[in-house]
Amino acid sequence: METTTNDSAQQAAEEALYRKVALRLIPLLLACYVVAYLDRVNVGFAKLQMIDQLGFSDTIYGLGAGMFFIGYFLFEVPSNMILHKMGARVWIGRIMISWGLISAAMMFVTTPMMFYVMRFLLGIAEAGFFPGIILYLTYWYPADRRARITAMFMTGIAIAGVIGGPVSGIIMKHTNGIYGWQGWQWMFLLEGLPSVALGLVVIMVLDDRISEAKWLTEEERALLARNIAKDEAHKEEESFLRIISSGRVWLCAAIYFSYVMGVYGVSFFLPTIIKSMGHTDVVEIGLISSIPYSVSVVVMLLVARSADRTGERRWHVAIPGMLGAIGLALSVILAKDGALAIAALTLGLSGIMTTLPLFWSLPTAFLAGTGAAAGIALINSLGNLAGFVSPYAVGWLKDATGSTDAGVYMLSVAVAIGVLLTLAVPKSLVNRSH
């Protein structure tokens, strides 16, 4: 009985410690991801004014939106390797400051070439941020806690959607014409500057490793370090060359590519899809667009909690993915009924977005050390090439057919392929017994 009591007390103390760590790290990292994602996809709202005023076609817009991911792809792996060597504090702060300044400078775009170049530079600036945070969380959390904490961090995508739509709509509507600038120009400026401010905060307050956390006691640091060492013990350190030739890594990249196709295809064109349903006011479009993202926050956290509690990973990724694919297809079929179409989009987006944090429990289950830095960055960079393919393909299909329907069907199929690939991952590789 006494042993049981002691075990319960130790478990309660450990839970309290991880809550303390989460309260210290997650609010800041979450705020950083919110502004990062907002700066990445606010071009979807700018499109409502920008392409008419600058004379851009949907194909030009789609190509420009996707150029971000070419720069992102080229610099992702080296950026994460630098972070692993230099530390997250300075490198994440540098990333945020540079992308905030470039995002704000998007307000000066006047030609397609300028649009392409600025989006490309924005991708270079942000390269390494997301995989850097995923890598950083592995320094603090063992595998059996990582799905929940990654989901908490990645709700930043959904939160950016919740607040970004209404805020972008309000800025574009009420600043239009001030000092001769259009609403979309003000939006880029006002949504880019918070990234610079948060970058400075990161440099001042973030700790690179557990050993540097002065806000923890010596006993707390020792406990956290032991848990990480135990978690890493079953993994093998692998070289960069072995990582890039690993079939497991490439399978994970293909899975991530499929899900990212869905997320960015919807994110970049959601305002356009809602507008095609008969809504024309930018503030109204922003408010409606926040509905799918609001539901996504709840679903992401609930499914991640279930995954950590059960230790099962593959089906916790695959089932939301399949519901996401079904929801996207239904949003086209039910397009004539606005309420049902929004409900279907909500099912689609919340399903797809739930796959993203849960997906990262797959590669981080077998990657370690420098191999983790390279592998996570490689998977993320290859997967995010879908951010180039997806908006360009949807834009091209919209120009070719006069409707977003074909593009949404394409996204549904891509997500369904991701589900099948997820189930091809060996269960023994990623699941943890409890």
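Throughout, read-outs are computed from the coordinates displayed, never taken from laboratory work. For clarity, every value in this text was computed on a predicted model and none was experimentally measured. Heads up, the Cβs are rebuilt from the backbone with ideal geometry, glycines too, and the neighbour counts pull from every protein chain shown.
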Exercise. Kyte-Doolittle cut-off 0.5, length cut-off 20 Å along the helix's own axis using Cα: show which whole DSSP H helices in the chain pass.
Key: 58-86, 88-105, 112-126, 143-174, 183-205, 247-276, 282-310, 314-333, 338-359, 369-384, 405-422
Quiz item: Relative contact order of segment 39-118: what whole-number percent is it, with Cα pairs under 8 angstrom and at least 6 residues apart?
Solution: 39 percent
Quiz item: Using a Gaussian network model of the chain with C-alpha springs under 10 Å, which one of ASN380, ASN42, ASN227 is most mobile by mean-square fluctuation?
Solution: ASN227
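Fewest to most neighbouring Cβ within 10 Å: what's the order for ILE171, ILE244? Numbers along the way, then the final one.
Values: ILE171 24, ILE244 13.
Lowest to highest Cβ neighbour count: ILE244, ILE171.
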Practice problem: Give me the distance in nm between label points sitting 7 Å out from Cα along the Cα-to-Cβ direction at ARG309 and ALA424, one decimal. | Solution: 3.2 nm
Quiz prompt | Gain upon complete extension [LEU28, ILE170; 0.36 nm per residue less C-alpha separation] | solution = 48.6 nm
Exercise. About the Cα centre of the chain, how large is the charge dipole given +1 on each Lys and Arg Cβ and -1 on each Asp and Glu Cβ? Please answer in debye to the nearest 20.
Key: 220 debye
Quiz item: Within the chain, what's the longest stretch lacking GluC sites (Glu not before Pro) that sit in DSSP loops with no more than 12 other Cβ atoms inside 10 Å?
Solution: 1-235
Quiz item: Taking a spot 7 Å from the Cα of GLU232 along the direction of its beta carbon, which residues of segment 141-176 have an amide N less than 20 Å from it?
Solution: 141-147, 149-150
Quiz item: Taking springs between alpha-carbon atoms closer than 10 angstrom, which of GLN11, GLN53, GLN182 fluctuates most in the Gaussian network model of the chain?
Solution: GLN11
Quiz item: How would you rank ARG145, ARG119, ARG209, going from fewest to most other Cβ atoms within 10 Å of each one's own Cβ?
Solution: ARG209, ARG145, ARG119
Quiz item: Cross-link list LYS173/LYS336; LYS275/LYS336; LYS85/LYS427; LYS20/LYS427: which exceed 23 angstrom alpha carbon to alpha carbon?
Solution: LYS173/LYS336; LYS85/LYS427; LYS20/LYS427
Exercise. Would you work out which of VAL297, VAL266, ALA229 lies farthest towards the positive end of the dipole of the chain? Charges go on Cβ: Lys and Arg +1, Asp and Glu -1.
Key: ALA229
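Helix-only mean residue ellipticity at 222 nm, the chain, DSSP H runs n ≥ 4 weighted -39,500 (n - 2.57), per residue, nearest 500. What is it?
Numbers: 18 runs with 354 residues, N = 434.
Value at 222 nm, helices only: -28000 deg cm²/dmol.
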Quiz item: Which is farthest toward the positive dipole end of segment 93-217 among GLY192, VAL202, LEU216, measuring Cα position about the Cα centre, with Cβ charges +1 (Lys, Arg) and -1 (Asp, Glu)?
Solution: LEU216
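What FRET efficiency, computed as 1/(1 + (r/R0)^6) with R0 = 35 Å and r the Cβ-Cβ distance, is obtained for LEU101 and SER8, rounded to the nearest 0.05?
On the way: r = 51 Å, r/R0 = 1.47.
Using R0 = 35 Å, I get an efficiency of 0.10.
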Exercise. Would you mind checking which residues have amide H under 5 Å from ALA127's amide H? H placed 1.01 Å from N; only 5 or more apart, or other chain.
Key: none
Practice problem: Report the local net charge at LEU137: Lys and Arg +1, Asp and Glu -1, summed over other residues whose C-beta lies under 10 Å from its C-beta. | Solution: +2
Self-check item: Fluctuation leader among PRO194, PRO27, PRO292 - the chain, Gaussian network, Cα springs under 10 angstrom
Solution: PRO27
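In which sequence would VAL415, VAL34 go, from the one with the fewest C-beta neighbours within 10 Å to the one with the most? Display every interim value, and only then the final one.
Numbers: VAL415 31, VAL34 23.
By the 10 Å Cβ count, ascending: VAL34, VAL415.
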Exercise. For an R0 of 45 angstrom, estimate the FRET efficiency from the Cβ-Cβ distance between ARG242 and ASP337 and round to the nearest 0.05.
Key: 0.30
Quiz prompt | Partner aspartates and glutamates for LYS47 [C-alpha distance under 19 Å; skip if fewer than 8 residues away on the same chain] | solution = ASP39, ASP58, GLU191, ASP281, GLU284, ASP399, ASP405
Quiz item: With the contact rule set at Cα under 8 Å and sequence spacing of 6 or more, what percent relative contact order holds for segment 18-430?
Solution: 27 percent
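In Å³ and rounded to a whole number, note down the convex hull volume per residue for the Cα atoms of segment 18-430.
With only Cα atoms used, segment 18-430 gives 121 Å³ per residue.
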Exercise. Give the residue from LEU347, ALA416, GLY161 lying farthest towards the positive end of the charge dipole for the chain; charges sit on Cβ (+1 for Lys and Arg, -1 for Asp and Glu) and the dipole is referred to the Cα centre.
Key: ALA416
